[in-house]
Amino acid sequence: MDMRPELAFHIAKIAAMWTLIENQQGVALALMLKSEGALAMFMALSSSAARNAALRAAAEEYLSPDNYSKFEQQMRDTTGPQRSRNDVVHSVWAASDEHPDTLLRTPAKDHMRWFAARVTAPMAYFGPSGGASEAVAQHLKKMTKYDPRYWSWCKPDFIAVESRIEALSRSWGEALNLIVLADPQQSPGPSQ
């Protein structure tokens, strides 16, 4: 990534942008449960499935059926940008002189499988001389060239993910307003 710092920057930006989404979700839970402790509980949950379940359970109890329907749509709208974020953050990135304006992406789980196979069956990956076998080299080239999970990302690809997350953040802001307005006793806070 040192070879493409202008692109590597986008990976960090996407990770940081997603933190704002998680913060908005945690605040939503805290507002619904009327507890700052709910925010700490939300942040302690490490899986998105557990966080989503907590949000849905609180919203089902707190919101009217009509508002819950809107909230549930917000949760569904989060899925696509979240997958895009995960594709970026949970990948192994590399640069190649053959692709000067891109970073090459390999999903981390696939990279781990490849590495584990090299460690557990080294003769399948290395010939008698210790160099990579020609068959394996050809297989890796073919896999990288044709498998859609292995692709090159250029600046517009990263910006597209950033734009989706930015739009999602705006809609989570609207969801927070929905929650505040659902309870007339809920204080909008000093910044509003």
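The values are calculated or read from the model by the stated rules, or taken from the named source; none is laboratory data. Predicted model, so just to flag it, every value in this text is computed and none were measured. Note that we place each Cβ from the backbone using ideal geometry, even for glycine, and neighbour counts take in every protein chain shown.
Given the structure, is residue 82 within 20 Å of residue 180 (Cα to Cα), modelled with pLDDT of 95 or more and assigned to a helix (DSSP H, G or I)? So residue 82 fails the test.
One line per residue, one yes/no per condition, for (1) closer than 23 Å to residue 165 by Cβ; (2) without any contact (Cβ under 8 Å) to a residue 40 or more places away in the chain; (3) in contact with a helix residue (DSSP H, G or I) (Cβ under 6 Å, 6 or more places away or on another chain):
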position	(1), (2), (3)
62	no, no, yes
67	no, no, yes
76	yes, yes, no
97	no, yes, no
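For the stretch 1-60, a residue qualifies if it is touching a strand residue (DSSP E or B) at 6+ places or on another chain (Cβ under 8 Å) and basic (Lys, Arg), and exactly one does: 4.
Of everything in the stretch 85-112 that is assigned to a strand (DSSP E or B) and exposed (fewer than 13 other Cβ atoms within 10 Å of the Cβ), the residue that is modelled with the highest pLDDT is 101.
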